[in-house]
Each structure stands twice: as structure tokens, then as C-alpha cells.
1. I'd like the full set of residues that are of a type outside the set (Ser, Thr, Tyr) and crowded, with 19+ Cβ neighbours inside 10 Å, limited to the range 44-65.
2. What about Asp266, is it surrounded by 14 or more Cβ atoms within 10 Å (Cβ to Cβ), assigned to a helix (DSSP H, G or I), out of contact with any Phe, Trp or Tyr (no Cβ under 8 Å at 6 or more places or on another chain) and at pLDDT below 75?
3. Looking at Val41, Val30, which is the one that is buried (at least 19 other Cβ atoms within 10 Å of the Cβ), under 24 Å from Ala277 (Cβ atoms) and hydrophobic (A, V, I, L, M, F, W, C)?
4. When only residues in the range 375-399 that are farther than 18 Å from Gly182 by Cβ and either surrounded by fewer than 16 Cβ atoms within 10 Å (Cβ to Cβ) or among the polar types (S, T, N, Q) (or both) count, which is modelled with the lowest pLDDT?
5. Which members of the range 653-666 meet the condition of being within 41 Å of the chain's Cα centre (by Cα) and of a type outside the set (Asp, Glu)?
6. Please work out if Ala711 is surrounded by 21 or more Cβ atoms within 10 Å (Cβ to Cβ) and part of a helix (DSSP H, G or I).
7. Any idea which of Gly634, Gly565 is under 35 Å from the mean Cα position of the chain (by Cα), in contact (Cβ under 8 Å) with a residue 40 or more places away in the chain and in the same structural domain as Leu681 (by TED's automatic domain parsing)?
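The values are calculated or read from the model by the stated rules, or taken from the named source; none is laboratory data. All values reported here derive from a predicted model rather than from experimental measurement. All Cβ positions, even for glycine, are placed from backbone atoms using ideal geometry, and neighbour counts span all protein chains on display.
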Amino acid sequence: MMPVSRQLLARVRDVMAGADEAQQRLNKIVSVIAADMVTEVCSVYVIRPGEVLELFATKGLNESAVHNTRLRVGEGLIGMVGAQARPIALADAASHPDFVLRPETGEELYQSLMGVPVLRGGRVIGVISVQNRIRRNYSDEEIEVLETVAMVLAELISGGELIDRAELMPADGNALLPLRIGGLTFNPGLGVGVAVLHEPKFNVTSLVAEDVDFEHERLKIAVSEMHGALDDMMKKTDLAASGEHREVLETYQMISEDTGWFNRIDEAVSSGLTAEAAVQKINNDIRARMNQVTDSYLRERILDLEDLSTRLLQHLSGSKALKGSLAGNETYYDVNNLVLIARNMGPAQLLDYERSKLVGLVLEEGSPTAHVSIVARALDIPVVGQARNILNQIETGEPIIIDGTNAQVFIRPGEEVCERFRNSARVRAERKASYSQLRDMESVTKDGIHINLNINAGLLIDVPYLHDTGADGVGLYRTEVPFMVRSEFPDVKAQREIYTKVFEQSSNKPVTFRTLDVGSDKILPYWNAQDEANPAMGWRAIRISLDRPMIMRRQLRALIQAAEGRDLSVMFPMIAEVSEFDKARSLLQRELKREIERGRNIPKSVRAGVMLEVPSLLFQLPVLLERVDFVSVGSNDLCQFLFAADRGNPRLSKRYDTLSPPVLSMLRDIVLHCDGAGVDLSLCGEMAAEPLDAMALIGIGFRSISVQPSAVGPIKAMIRSLRVKPLGQYMNTLYGLSQHSLRGNILSFAKDQGVRV
């Protein structure tokens, strides 16, 4: 006679193979389970977004409760199974302290209850429960039977017919939003590419065994092959020497010979599963239990067991090579920029990937002294470790950035953020190839005038370029960029940590922080975008901050706390009239007073300035200059508004030249006003990024500019080949001209004077 579990599995398999819709098949399955296990009730709950278990099918409870009864994970006995990923069996369920009665189900008629989790990839995706009217002591064998059925049922739930597969993907916030995950630096460096999950996934299509004896024999052969492969690995020349890696392999060997582990798999085969399904079931149990274990030693042992289960599956499937872990990733493996994501891995597994394609490695576990970290450092691969739960936050093929220097990983970053990091990567290459000899030279003209040459930055990865390029400081730190790589607003603590690192990495060189400048083309993914006809001229930057003052207050508080004992420069963007600056400065003073009253260290000095980018402010310059400590011209927006030409419109982006009489005359007027008031003036924006344009700015009277790091070398070379006095005299002849562009005139001067542009 066929054992009850095998008989039940066969019936469940027949139902799943039917032509009915998924919901209908699920309805039939609960009836089959109830009949075979002699229970009055069988119910299936499925996980939904928000950590909620929804009743999807039942035999015995009120039909009206289906899709209407929901329990939070951790709520009631069903929720407890979902939270703990462990089975329960109670003869008197109502007496359990976690029991919660849902009257709409009619379950008050039933006394005993058994529930088991439905697991997929170590995650709970549902719960199966059975109930009886009388007291019933469910046996361990019955629990095992229901667990086996749950494994088969997982295929139906995760198949995408009952619910969208995306609903089963846990994520920090919205799964489609950008996400930043911190970790530990195992090897510094930067990588921008697509994610490839080193998480061997075997599509176990055959779950129910046709011949149990044959499956036992297959399992025995696969275990023997695995032992042989481990023995061969130990004999390899590069692994034969003593050391930490040797000890790890010896531990693997010991665990692989553990009879308890093997017997559990063998028993699962006896219950009617194929060898692959049995190994998968035990592996799911191991992963679920790992979530409940906090002891580091035990977690390592569990990880060893999980790794061995994976290796055994490889041998069962005929895939002896670890490249089998790329199954399903072949498309992405052809991509040149791969960031490998793994829970943990050995050095040999890392070497299975083509080195030329790898730009980074992210580990959920690991340590800087792990063998894989050592190998990665030798290969110059950036590594971030201890990136908790990253495998559950990303899918293969999604864009990813690894910043090994600052121990952070950006998942699904926006194109603007990706481009900033790509620029950073290009800067790294460029600084090695050219202008390196200028790094330690001052940006001084031939006639002895020092030009303050700063960099623009928006991420921690940008700040080291301050030293790599020999720049004088950070003229513009875009504080909105860290906001753009998160799925929610960073709190004061998170912001303070970022700003503190900026100060530390700047090594006492000046940094000017621009407050949050979002809106227009810089949209926060978690911000409800405003439907505006003219977003560049709409609700953005300081307008948002003044309308939502707590946003600005928290940011200013974080800046003040981070700057303790240092000089702090704060710049307010998109100021259109002096009154807006007054309001912003009052918030800054309010936060300063708050910190003083709490007895905290405050900055050594605080400077407040504006980014001049709205033409209306030009008509209030005398009043403005009485209040501000500095002015920085935002040439991008200022020129856009000056010409009433959307710089994002391809038809207009090149229509007006920044080296034109209107622009140069306007900038000259700003210089004269600031010089007369004794207020520091600089310019940050694309206009200063090209040597010819930067030369024109110097000729107008600017003595401080801020550019992207890649531009520092070429501009410093230009500065050191320039004489300011004849340039200033020549520029004075151009302001009154009427031609479209003066670029040709200025270029001719540069060539005549031997200026490197």
C-alpha cells in the first residue's frame, strides 16, 4: 500500500496538472488535503504586500471569508507560523496565548490546529493549516506530510497565476524605487553596471517521485560525487597549502559527511519526493531557520549546510561546474559591466566569472579577511560586504552602483546618479593618464594672480577628487543627490553621517553645501511629482524648502551637527528675491540657537550665501549684498532664464551661447557689484567647465570657479599659461558688441597669447 504522503502528493500533482484556473486548482487541493489527512478543515493563506496573510482557499471554513480574512504576519496562530517560518501543532488551539478568533471564518467550531509555512527560496510565501473539531494530537509524521505538500504548493503560489510574482518580492519600501544599502569596505573602488545574483537557482520541475528506489540511488550517487569533488578540490595546488581557506574546505568535508543532514534528505525522498525536490526542501528549511539564528558560529554552520545543499543539487542536475550558478543569467553574463551579488562565496567561485566583465562584488556576509576578499583585492575588484538582505532587494539585470570606498551600494539608481558615477569613473582614468603632474601645482597665472579652483560634488565618491586633483575646495556640494538614491527621506542622523564624512574627507579644505535643490529635472522617487506645465520655473528648490520648513530645518540641523568646530558654508538655491534669503537665513539661525541651547558643539563659523540663478535677484543686488557672506553664480539656470530658453530642449540648448554679449555683460555687472561690496564671488556650472569659457570668466573678473573634477586638470593648465591683465583689457572691448557669439574672438586671443585652451 502506498504511504499516505506519497498518495497525497500524487493526488495534489494530478490537480496541479489540470486545466482549471489557478484558483480552482487551489480550491480542489484543499479538499484533497482535508480528505487524505482526515481533517474537517484545510485552509491556504498567501502573503500579500504589507506583510499580510490572506485566506485564499478553504475546505471547512465559511466560503465568504475567502479573500476577505487577512492576518498580519505575527497576528494569531497563522500569523505566528508566517513570522517564525516554523510549524505548529496544537490539540487545543484556543488556549494558546497567540490565538485570535476571526468570527467571519466560523473557526470557533474547531479545537485542534496544525499549520506549516509555505516556503520559497527560504522566504515564507504562505501558510497551510488543517483543523479538527475534536482534540487531536498531530504526529511528527503528519507535520512532515503537510510540509511536503507545502513545498509542492509553493510552485502554484509562486507561478504568477494566483498573484503577481512581484508581490512575493520583499523590498525596503517600493521594490521599484532606488535604494541605498550600506555595508563594510572590503576593497575600495567604484563599479557601475548590472547586477548578477550568484544565487544558484535550479528549476526543480519534477517534484513527485515515480520510483522512490531510483531516487534513493540517484541521491547516493550524487553524494558520492560531491565527496569526490571536495577531495579533488583539497588536492589542488593553489588550495593545498595550509591557511584559512584550507580550514574552510576541511569544515565543508566534515559537514558533508554528517549523517543527520543526509538522513533528513533521504527521509524526504522516502516521503515521495524526487532527489532534487528533497534537497530543495531541506535547503528551504535551512534558509528559513537561518533567519531565526543570531549566533554567528551557528549561522556560519547553517550557511555551510546551505552551500552543500546547493553543491548536491548541482551534482544531481549534472552540472559539476560552479558556472551552473549562472543558469538563467546568460543574457546578463554577456554584459561587460557585471556587479556580482552573493550571500557568501569562495575564491574559486569568484574566479569562475570572467574577470574582464566584473566591476564589483557585493556580499551579504563575509569579512575583509575572507579568502574571496583577498582574491578580489588582488584582482582590483571593489568589494562591499555585510550588505544585509541585498539578495532580497534586487533582481538580476537591474542597474547597480558599488562604491567600495564609502561602503555603499545603490540599487536601481536614476540615470542622473548613474551618470555622476560614470563621470567619477572616467575621472579616475583621466587623472592617471593626464594632468597628474599639475596636481601639486598652484592655480596661479603667469602674472601671479591666484584663481581659486574648486570642484563640484554630489556624492561621497566625489570628495576624494579634491585631493587627487589638487583643487582648493568643494565649491558646490549638491546635497540632493544622497536624497535621490534612497527610497525615503533621510532623517537627521542619516544626513549628519553623510555631511560628517564630507568634512572628514575634505581635510579642512572649504566645502560649500547647497541646500536641497529638487524639482524640475531632479525628482525624488518617493516624492509625489507635481504636474506642472513649466517645472523648471515651478515649485522647486528653496520654494519647496520654505513651504515645507521642517525639511530644511532637519537638513540645516544635520549640517550644523556635522560641522562642529569647523567652518560651515551654506548656500540657498533658486533665490528670487531678498525676502526668501531672509526667511532661509532665519531658519539657519533658529537651528544654531537650538543647538547652543542644548549645549552642543557648534561650527567654528557659519557663512550664508545664495546661488544667483534667477534674474530678478540682479535688480536687488545692492540690498542682497548687505546680507550675504558670499554669492555663487549658477550659470546653468541663470542663462536658461536669461534667454527664456529651456536648456533641456534640444532645439534650444545650443541656440544661445554663454560667451555672448548679454551673458558676459550680465556677469561683469555682478562682478562689479560684489567687488564693490567686498563679498566673495564664485561661479559653478557648466560654463566654467571648459578652458575657453573659464578663461573668459577670469577676464571678466572672477577669481573663484567650481567645476566637475575631470575639468580641474585642463583648467589649471589653462590658468598657468594665462596673463590676466591683457585678457581683462581685451574683454573690455567685447561687452558692447552685437554679434551672436564672442567665442571666436576669445579663441583667437587665446591662440595669439599661447593660452592652453
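1. Of the range 44-65, the ones of a type outside the set (Ser, Thr, Tyr) are 44, 46-57, 59-63, 65.
Once the filter is applied, which keeps residues that are of a type outside the set (Ser, Thr, Tyr) and crowded, with 19+ Cβ neighbours inside 10 Å, the range 44-65 yields Val44, Val46, Ile47, Leu53, Leu55, Phe56, Ala57, Lys59, Gly60, Leu61.
2. Working: surrounded by 14 or more Cβ atoms within 10 Å (Cβ to Cβ): yes; assigned to a helix (DSSP H, G or I): yes; out of contact with any Phe, Trp or Tyr (no Cβ under 8 Å at 6 or more places or on another chain): yes; at pLDDT below 75: no.
In short, no.
3. On the way: Val41 fails: under 24 Å from Ala277 (Cβ atoms).
None of the other options fit; the residue is Val30.
4. We begin by selecting, within the range 375-399, every residue farther than 18 Å from Gly182 by Cβ; these are 375-381, 395-399.
Narrowing further to those that are either surrounded by fewer than 16 Cβ atoms within 10 Å (Cβ to Cβ) or among the polar types (S, T, N, Q) (or both): 378-380, 395-397.
Working: Ala378: 60, Leu379: 70, Asp380: 74, Glu395: 80, Thr396: 83, Gly397: 84.
By that ranking, first place goes to Ala378.
5. The initial filter retains those residues of the range 653-666 that are within 41 Å of the chain's Cα centre (by Cα), namely 653-659, 663.
Scanning the range 653-666 gives Ser653, Lys654, Arg655, Tyr656, Thr658, Leu659, Val663.
6. Values: surrounded by 21 or more Cβ atoms within 10 Å (Cβ to Cβ): yes; part of a helix (DSSP H, G or I): yes.
Yes.
7. On the way: Gly565 fails: in contact (Cβ under 8 Å) with a residue 40 or more places away in the chain.
Gly634 is the lone residue from the list that is under 35 Å from the mean Cα position of the chain (by Cα), in contact (Cβ under 8 Å) with a residue 40 or more places away in the chain and in the same structural domain as Leu681 (by TED's automatic domain parsing).
The rows are residues; the columns are (1) in a helix (DSSP H, G or I); (2) under 19 Å from Thr512 (Cα atoms); (3) in contact with a Phe, Trp or Tyr (Cβ under 6 Å, 6 or more places away or on another chain).
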site	(1), (2), (3)
Gln555	yes, yes, no
Met574	no, yes, no
Ala584	yes, yes, yes
Leu587	yes, yes, no
Arg590	yes, no, no
Val606	no, yes, no
Met611	no, yes, no
Pro622	yes, no, no
